[in-house]
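Participant: One structure is given below, represented as structure tokens, and several questions about it will come after.
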Amino acid sequence: MKARVIFILSVLLFPAVAALAGELDAAVTWDCRAKEGVFIINYYPSLGDAKPEVKKQHPLEFFSLCDVDKKESLITGTRGKDVVCQLKKDKLEIHLEPGVPNTNLLGRCGATLTGIVTIKHNGKAVLEEKEFEVLDCTVHEKYMEKITLKDGVEKPEIAYGNYDEE
């Protein structure tokens, strides 16, 4: 009887645990094309769902910028990643950091993670602490899928993606 209960619980709980694991793999890639005068950031809400060629581009997973306690249930701190791209006319400074809706990984929205981006164009902020996805895990309207910055143009172009509802 005890083995049967354990089996039933494992069958019921495994999909939930697997789903949580997939929500912590939000990632970005970037490409500084100085000769072409363009800088591109691509965001992936779930790297596991991305095409195989994306994984060859050495994506930055936001969870890798999080410090976690020994029990792996709390995020105890975060770090940022700075990227500089010198185009022909413009210097771009990009700061990427995790967006953590709940530091308790077992709490509401705790098993979700996104990224936050700040972009400076020649020292002036043109995008400041902008979330790729809304931090509220119950809101799934759209997310910033691609940010393009062009040489000589101060304002970034932002393309939004929609979630695939199956």
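The values are calculated or read from the model by the stated rules, or taken from the named source; none is laboratory data. Just so you know, these numbers come straight off a predicted model, no measurement behind them. In this analysis, Cβ positions are derived from the backbone assuming ideal geometry, glycine residues included, and neighbour counts consider all displayed protein chains.
Participant: So how many residues does the stretch 82-106 have that are crowded, with 19+ Cβ neighbours inside 10 Å and within 17 Å of residue 44 (Cβ to Cβ)?
Facilitator: The number of residues fulfilling the criteria is 4.
Participant: When residue 85 is evaluated against the numbered criteria (1) under 15 Å from residue 29 (Cβ atoms); (2) more than 15 Å from the chain's Cα centre (by Cα); (3) without any contact (Cβ under 8 Å) to a residue 40 or more places away in the chain, which criterion, by number, is the only one it fails?
Facilitator: (3)
Participant: Tell me which residues, restricted to the stretch 107-146, are more than 26 Å from residue 50 (Cβ to Cβ), in contact (Cβ under 8 Å) with a residue 24 or more places away in the chain and touching a strand residue (DSSP E or B) at 6+ places or on another chain (Cβ under 9 Å).
Facilitator: 120, 121, 122, 123, 126
Participant: Moving to a separate point now. What number of residues within the stretch 109-130 satisfy the criterion of being more than 9 Å from the chain's Cα centre (by Cα) and modelled with pLDDT of 95 or more?
Facilitator: Number of matching residues: 14.
Participant: Something else now. For the stretch 56-81: of the residues being of a type in the set (Lys, Arg) and in contact with a strand residue (DSSP E or B) (Cβ under 9 Å, 6 or more places away or on another chain), which is surrounded by the most Cβ atoms within 10 Å (Cβ to Cβ)?
Facilitator: Among them, the one singled out is 81.
Participant: Further question: Restricting to the stretch 116-166, and then to whatever is of a type in the set (Lys, Arg) and closer than 19 Å to residue 27 by Cβ, can you tell me which residue is surrounded by the fewest Cβ atoms within 10 Å (Cβ to Cβ)?
Facilitator: Among them, the one singled out is 142.
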